Structures are given as C-alpha cells and as structure tokens.
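> My structure is below; once you've seen it, I'll send some questions.
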Amino acid sequence: MSLIAFWGAVELGLVYAFVAVGVFLAFRVLDFPDLTVDGSFPLGAAVTAVLIIAGVNPWLAACVAMVAGAAAGIVTAMLNVRFKILNLLASILTMIALFSVNLRVMGKPNVALINADTMLSPFYGLGLRDFYVRPLFIGVLVVIAVIVVWRFLESDAGLAMRATGANARMARAQGVDTNRQIYLGMAISNALVAFGGALFAQTNGFADVTSGVGTIVVGLAAVIIGETLLGARGILIALIGCVLGSILYRIAIQLALSTDMLGLQASDLNFVTAALVTFALVLPRLRRGGAA
Amino acid sequence: MISVNNIQVIFGKGTPLQKQALNGVDLTIEQGSFVTVIGSNGAGKSTLLGVLAGDVLPSAGQVTIGKTDVTRKGTAARAGLVARVFQDPLTGSCGALSIEENLALAAKRGEARGLVAALGPKRREHFRARIAELNLGLENRMGDRMDLLSGGQRQAVSLVMATLAGSEVLLLDEHTAALDPGMAEFVMNLTQKIVSERKLTTMMVTHSMRQALDYGHRTIMLHGGEIVLDVAGDSRKELQVEDLIAMFRRIRGQTLDDDALLIG
C-alpha cells in the first residue's frame with residue numbers, strides 16, 4: 001500500500017468517524033436501530049454540494065447539511081414515537097424516502113464540485129502536501145466532535161438520554177420525557193452523519209445519490225471494531241473506539257484490496273465489509289474461549 | 001398529601017376482557033403519613049399505585065398530589081412530586097450506568113437537565129456520603145456499573161435515589177418482594193429510617209400482611225377495585241395478622257385460597 005493510499009484510507013476513516021459516532025448514539029446510547037443514515041449521509045453530501053455550487057460559504061453549507069440530517073432523524077423519530085411504527089421499519093421508510101429527496105435536492109444523480117471552494121481550500125498550498133492536509137483537517141474536526149459528544153453524554157442532559165436507551169421506565173420515573181430524548185438523540189445522530197456526508201462531498205469533490213448505500217454497515221463496523229479493541233470502559237473510550245474503528249476499517253479494506261495475493265478487486269468491497277464485521281462480532285466470543 | 005377522588009380505571013374497555021380495576025376509590029393520605037396497602041392479586045393495589053405514579057391514567061375521578069392536580073399528567077411530568085421504588089430491582093435503577101450516574105440521574109428528578117457535568121466533585125462527594133450511610137461498603141464502588149450489585153444492594157441504592165431530590169410522596173411497590181428474607185429486613189429497616197427521618201408521605205404496597213401491620217400508621221385493604229378496609233390508630237395496633245385474614249374471608253364471603261397473603 002502506497003503512502004498516498006494509506007493516508008487516503010485514514011482520511012476516509014476520519015470522514016466516516018462522524019457516521020460511527022452518529023451510529024453509536026442511535027444504536028448504543030438510545031438502543032434505536034436506525035437505518036436512516038443510509039439516506040442522511042448522501043443528504044448531507046447533496047445539500048452541501050448544491051449550496052456550494054450556488055455560491056454559499058462551504059462552512060455554512062455544512063451547517064445546513066447538519067440541519068437537514070437532523071430533520072431526517074426527527075422524521076424517523078416521529079414515525080416511531082408518534083405513529084408507533086417499529087423503530088427499524090420507521091428508519092427504513094425514511095431512508096427510502098430520502099433517496100427521492102436527495103435526487104430532488106441535486107436535480108440529478110450526481111453533482112461535481114470541481115474547482116469550487118471548500119472548507120479545505122484555505123489550507124491547501126500552505127506547504128503541506130494535499131494528502132496530509134485532508135486527514136489533518138478532518139482529524140481536528142473529529143477531535144472537536146468527540147469532545148463535544150463526550151461532554152454532552154456525561155452531562156445531566158446526556159445522562160437522561162443514556163437512561164432512556166438503557167431503561168426507559170426508570171428514566172420516566174425520574175422525570176425524563178423519553179419521547180423527547182428519542183427525538184433529540186435521532187436529530188443529533190443524523191446531524192453528525194450528514195456532516196460526515198458534507199465532508200465526504202467536500203473532500204472527494206462530488207455528491208452522488210448512491211454514495212449512501214451501506215453507510216450503516218460501515219458505521220456499525222467501526223463501532224463494533226472499536227468495542228472489540230478497547231472494550232466497554234466508559235463513554236470517552238467508546239467514542240475513541242468509534243474513531244479508531246472507522247480508521248482501522250478503512251485501512252483493512254485498503255489492505256485487502258491492494259494485496260494482489262488475495263486477488264480481490266474493488267467490486268468485492270461489500271463482501272470484504274461483511275466478512276470484516278462478522279469477524280469483529282465473532283472475535284470477542286472466540287477470545288472468551290469457544291462459542292457460547 | 002395525596003388525595004384521590006372517585007377514581008375509575010377500566011382496562012380493555014369495550015372488549016370481552018373488560019375489567020374494572022378500580023371502582024370509585026376515595027382516599028386521602030395526610031402529610032407525613034405512612035400507609036400500607038394490601039390485597040390479593042387483581043385487587044387493584046398495583047393499579048392504585050400506578051394511578052398515583054402516572055403509569056395509569058384514570059377514566060374518571062381526580063388525583064391531587066400536594067397542591068397539584070395531576071390527574072392528566074404522565075409519569076415523567078409528575079416525577080418531581082413522586083419518588084418511587086419498584087418491585088423489580090432491575091426496573092428502579094439503570095444497570096448500564098454506574099452507581100453514581102444513577103444517583104446523578106435521580107438527584108435531578110423532576111428538574112430541568114442542562115449541560116452541566118453530571119458528576120462534578122461536589123456532587124460526587126455528596127453522593128458518596130449518602131451511600132456510605134448504608135454501611136454496605138458501596139461508597140468504594142461508586143464507579144461500578146449498577147448491574148454488578150445484588151438485588152438487595154440495588155434496592156438500597158434505589159431508596160437513596162428516591163430521597164435525593166425533594167418529593168411530595170414516596171411510593172413503594174412491593175419493594176422487598178424480590179429479596180431474600182435477610183435483605184428484605186435490611187431494606188425495610190432502611191425504609192423505616194428514611195421515612196421517619198424525612199417525614200415522607202408514603203404509600204407502600206405489600207404482599208405481606210405482617211409488613212402491612214408492622215410498618216406505617218395506617219393500613220388499607222383493596223378488593224375488587226374498592227377499599228374494603230381502612231384502619232389506623234389503636235384499632236390497628238390491636239389487629240393481628242389472623243384478624244386480617246378473618247376479615248379478608250368475611251369480606252370476600254369465601255375461603256381464602258391465596259397463599260401469598262399468608263406468607264410473611
């Protein structure tokens with residue numbers, strides 16, 4: 001694997017770290033299996049790309065993308081909380097609908113951002129080579145996001161959200177409006193995922209309606225790899241695990257695809273992903289000494 | 001103070017399984033009074049507790065806690081007035097959170113929750129001191145996950161949680177039923193201590209007639225969704241478990257076939 005390919009994998013891992021943290025919030029904190037992310041990731045990319053082309057400041061475009069993602073999360077939460085649709089099904093409905101929404105937003109399946117100003121533009125040409133600039137820049141954003149989410153989850157408000165996912169009946173008895181927590185959590189989760197999509201569009205120079213396929217698996221893979229490596233030792237460690245898992249996942253994929261010996265090609269990506277996630281799920285069991 | 005006026009609760013209304021769980025219950029519990037509630041399965045005691053806690057909204061009647069009419073308020077909305085310990089230790093506390101996180105959650109019961117760190121040094125010290133009073137050695141395990149504790153330890157911590165934030169009433173829902181006899185006694189003594197120290201208005205639902213007479217100031221018995229016995233003061237002091245069973249038989253007009261009432 002070349003140096004450029006390695007840093008490219010790290011960069012993509014850092015972009016998807018936002019997805020991983022979002023998935024962690026939904027799946028682990030709220031115990032809400034949310035597939036909306038397959039739609040909110042390209043939604044973030046689409047909104048950002050369209051706004052940047054319209055001349056909007058790329059930072060502002062990314063913020064609008066987050067709002068759009070939050071709205072998608074709120075729709076899923078509403079389907080579940082208000083209309084009592086099973087959480088998984090509610091998220092699938094939103095995800096399917098978002099495919100059409102994303103096409104409408106872009107007006108076509110694919111929008112290119114060639115020569116457009118992005119959040120990274122001011123940092124190119126400062127002496128550092130581009131393939132270092134991108135992971136460094138995104139890495140800083142990831143660190144900020146992790147710290148914010150960590151402090152939130154360890155605050156009074158965050159504790160209410162964690163209790164909602166872990167024991168809703170107890171949370172209500174303690175005065176926590178669990179429905180509101182689901183709305184809030186799904187909004188934050190999908191805002192983070194959409195921000196990941198916005199970064200994806202800005203670093204890769206395009207938004208594509210199909211780029212969301214499998215986002216949930218990638219996010220979940222990162223969460224599970226992180227948990228397997230670092231174990232359950234508090235919120236901060238879990239969040240660091242999400243980031244680490246996301247990066248390692250990309251490096252593992254890159255390794256698998258670039259090793260000629262295995263004879264894999266790009267189209268084998270989904271299979272490799274499935275194999276990797278399965279491996280990460282089985283590993284803790286194997287370590288405990290045999291199947292349970 | 002708790003005031004319940006002409007409460008009607010009907011489950012499965014309009015279906016063949018329609019059941020009148022509470023039928024015109026009137027009850028007033030004075031400030032600082034400790035009332036025990038007994039009754040066989042299906043008598044309506046859990047429903048009455050649910051009506052006070054907000055889990056069950058009555059189809060008719062009025063519920064007042066303190067000075068607030070809470071008839072239409074859900075569990076979360078009235079949590080500031082109601083502290084509660086559940087029968088199942090797993091329900092009353094959060095296994096996935098640490099002991100001190102559970103306490104932090106309970107300390108903000110019924111209050112707005114902001115972005116302040118849930119476990120600042122001051123709060124930590126306060127929680128530690130409160131847990132140390134239990135003499136269970138848990139003060140050295142404040143960071144441990146709640147699900148590492150035994151059922152009795154969890155109920156003891158739940159009692160502390162119930163008193164961290166102010167409340168008008170304390171509801172105890174057969175909170176020693178899932179414990180071994182030794183731990184049940186420990187939790188009951190702790191309950192007694194906390195209730196008398198803090199002069200809490202308390203309602204305790206219990207399966208044990210012994211407990212119902214030994215603790216508190218007043219005992220009521222429910223049957224078929226109605227209050228069939230309400231004793232306090234001297235007449236209650238003279239009452240024995242056997243009398244209670246005899247009374248229960250008379251009221252029911254049939255032989256007592258529920259062993260659960262005799263236990264304890």
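Each reported figure results from applying straightforward, stated rules to the coordinates on display, with no laboratory input. Here the structure is a predicted model, which is why all the values come from computation and not from measurement. Heads up, the Cβs are rebuilt from the backbone with ideal geometry, glycines too, and the neighbour counts pull from every protein chain shown.
> Nearest-5 percent of antiparallel DSSP beta bridges in chain B? Each step should come with its number before you reach the end.
Values: 22 of 39 bridges.
Antiparallel: roughly 55 percent of the beta bridges in chain B.
> Take every residue in peptide A:157-163, count the Cβ atoms of other chains within 10 Å of its Cβ, and give the average of those counts.
Whole-number average of other-chain Cβ neighbours for A:157-163 is 6.
> Could you give the DSSP H helices of chain A that reach 30 angstrom or more along their long axis (alpha carbon positions) and whose average Kyte-Doolittle hydropathy is no lower than 0.5? Intermediate values should be presented prior to the final figure.
Working: long enough: A:58-81 (34 Å, 1.75); A:130-153 (34 Å, 1.99); A:178-204 (39 Å, 0.53); A:235-258 (34 Å, 2.09).
Sorted by number, the helices that extend far enough and score high enough are A:58-81, A:130-153, A:178-204, A:235-258.
> If you don't mind, there's one more thing I want to ask. Any idea what the dipole of the range A:44-178 comes to, in debye rounded to 20, about its Cα centre with Lys/Arg Cβ at +1 and Asp/Glu Cβ at -1?
Numbers: 10 positive and 5 negative charges, 77 e Å.
So the dipole magnitude of the range A:44-178 works out to roughly 380 debye.
> What are the semi-axes of the equivalent ellipsoid of the range B:134-264, taken as the square roots of 5 times the eigenvalues of the Cα gyration tensor, listed largest first and rounded to whole Å? Working shown, then result.
Numbers: eigenvalues 196, 57, 31 Å².
Taking √(5λ) for each eigenvalue gives 31, 17, 12 Å, largest first.
> Right, here's the next one. Restrict the search to the range B:128-227; then list the trypsin sites (Lys or Arg not before Pro) that DSSP places in a loop and that have at most 14 other Cβ atoms within 10 Å of their Cβ.
Counting only loop positions with at most 14 other Cβ atoms within 10 Å, the trypsin sites (Lys or Arg not before Pro) in the range B:128-227 are B:LYS199.
> Moving on to the next point. With +1 assigned to the C-beta of every Lys and Arg and -1 to the C-beta of every Asp and Glu, and no other charges, what is the dipole magnitude of the range B:2-261 about the Cα centre in debye, to the nearest 20? Don't jump to the answer; show the numbers that get you there.
Working: 29 positive and 29 negative charges, 181 e Å.
Result for the range B:2-261 is approximately 860 debye, rounded to the nearest 20.
> Need one value for B:70-81: mean number of C-beta atoms belonging to other chains within 10 Å of its residues' C-beta atoms.
Working: counts 0, 0, 0, 0, 3, 9, 11, 3, 1, 7, 1, 1.
Going residue by residue through B:70-81 and averaging, the value is 3.
> Follow-up question, since we're still on this one. In cubic angstrom, how much convex hull volume per residue do the alpha carbon atoms of the range A:133-292 span? Each step should come with its number before you reach the end.
On the way: hull volume 24.0 nm³, N = 160.
Expressed per residue, the convex hull around the Cα atoms of the range A:133-292 is 150 Å³.
> A further question follows. Under 23 Å between alpha carbons, and skipping anything fewer than 8 positions from A:LYS84 in its own chain: which lysines qualify?
Counting by Cα, and skipping residues close in sequence, A:LYS84 has these lysines nearby: B:LYS13, B:LYS73.
> If you don't mind, there's one more thing I want to ask. Going toward the positive end of the dipole of the protein assembly as shown, with +1 on Lys and Arg Cβ and -1 on Asp and Glu Cβ, which of B:VAL241, B:LEU171, B:SER40 do you reach last?
Comparing the listed Cα positions along the dipole, B:LEU171 ranks first.
> When the Debye formula is applied to the Cα atoms of chain B, each taken as the same point scatterer, what base-10 log of I(q)/I(0) results at q = 0.10, 0.15 Å⁻¹?
-0.52, -1.12
> Additional query: Does the range B:108-190 come out rounded, prolate or oblate by the C-alpha gyration tensor, with a ≥ b ≥ c the root eigenvalues, rounded set by a/c under 1.5 and, if not, prolate when a/b is larger than b/c and oblate if not?
Values: a/c = 2.15, a/b = 1.40, b/c = 1.53.
It is oblate, given that a/c is not under 1.5 and a/b is not larger than b/c.
> Right, next: Count, for each residue of B:86-92, the Cβ atoms from other chains sitting within 10 Å of its Cβ, then give me the mean as a whole number. Don't skip to the end; give the middle numbers.
Numbers: counts 3, 0, 1, 0, 3, 4, 5.
Partner-chain Cβ atoms within 10 Å, mean over residues of B:86-92: 2.
> Only bridges with both residues in the protein assembly as shown count here: give the DSSP antiparallel percent, nearest 5. Spell out each step's value before the answer.
Working: 26 of 43 bridges.
Restricted to the protein assembly as shown, the bridges split so that about 60 percent are antiparallel.
> Set the Förster radius R0 to 35 Å, insert the Cβ-Cβ distance between B:ILE10 and B:ARG250 as r into 1/(1 + (r/R0)^6), and round the FRET efficiency to 0.05.
0.80
> Calculate one ³J(HN,Hα) per residue across the range B:151-157 by plugging θ = phi - 60° into the Karplus curve 6.51 cos²θ - 1.76 cosθ + 1.60, and present them in order as whole Hz with x for glycine and proline.
x, x, 4, 5, 5, 4, 5
> Please work out the ratio of the alpha-carbon Rg of the range A:3-287 to 2.2 N^0.38 Å and round it to two decimals. Don't jump to the answer; show the numbers that get you there.
On the way: Rg = 18.5 Å, N = 285, 2.2 N^0.38 = 18.8 Å.
Cα Rg divided by the expected 2.2 N^0.38 Å: 0.98.
> I want to verify a result. In a Gaussian network model of chain A, Cα cutoff 10 Å, which of these has the top mean-square fluctuation: A:ALA274, A:ALA145, A:ALA173?
A:ALA173
> Report, ordered by chain and residue number, the lysines lying within cross-link reach of B:LYS122, taken as a straight Cα distance under 24 Å and ignoring same-chain residues fewer than 8 apart.
Qualifying lysines at Cα under 24 Å: B:LYS108.
> Now for a separate question. Place a +1 charge on the Cβ of each Lys and Arg in the protein assembly as shown and a -1 charge on the Cβ of each Asp and Glu, then give the dipole magnitude about the Cα centre in debye, rounded to the nearest 20. Please list the in-between numbers first.
On the way: 46 positive and 42 negative charges, 128 e Å.
Value, rounded to 20: 620 debye.
> In whole angstrom, note down how far apart the Cα centers of the range A:213-242 and the range A:149-164 are.
When both Cα centres are located, 18 Å separates them.
> Considering only B:SER33, B:SER196, B:SER46, give the residue with the highest GNM mean-square fluctuation for chain B, with springs between Cα atoms whenever their separation is below 10 Å.
The residue that fluctuates most here is B:SER196.
> Most exposed first by the Cβ proxy, i.e. fewest other Cβ within 10 Å, how do A:ASP208, A:ASP34, B:ASP88 rank? Can you show the working numbers first?
Numbers: A:ASP208 20, A:ASP34 31, B:ASP88 15.
In increasing order of surrounding Cβ atoms, one gets B:ASP88, A:ASP208, A:ASP34.
> If the reach is capped at under 27 angstrom between alpha carbons, list the lysines near A:LYS108, excluding any in the same chain fewer than eight residues apart.
Of all the lysines, none pass the test against A:LYS108 - Cα under 27 Å, at least 8 places apart if same chain.
> Given 10 °C and 1.306 mPa s, how large is the Stokes-Einstein diffusion coefficient of the protein assembly as shown in µm²/s, with Rh as the Kirkwood radius over Cα pairs?
Working: Rh = 26.4 Å.
Stokes-Einstein gives a translational diffusion coefficient of 60 µm²/s.
> For B:SER59 and B:MET1, calculate 0.36 nm times their separation in residues minus their Cα-Cα distance, and state this gained length in nm to one decimal. Don't jump to the answer; show the numbers that get you there.
On the way: separation 58, 0.36 × 58 = 20.88 nm, distance 2.21 nm.
In short, 18.7 nm is gained.
> Please name whichever of B:VAL228, A:VAL149, A:LEU43 sits farthest to the positive end of the charge dipole of the protein assembly as shown, dipole taken about the Cα centre and charges placed at Cβ: Lys and Arg +1, Asp and Glu -1.
The Cα lying farthest towards the positive end belongs to A:LEU43.
> While we're on this one: I want to verify a result. In a Gaussian network model of chain A, Cα cutoff 10 Å, which of these has the top mean-square fluctuation: A:LEU281, A:LEU128, A:LEU248?
Top of the fluctuation ranking is A:LEU128.
> Still on this model: How many angstrom separate the Cα center of the range B:164-188 from the Cα center of the range B:44-96?
Measuring centre to centre over Cα atoms gives 16 Å.
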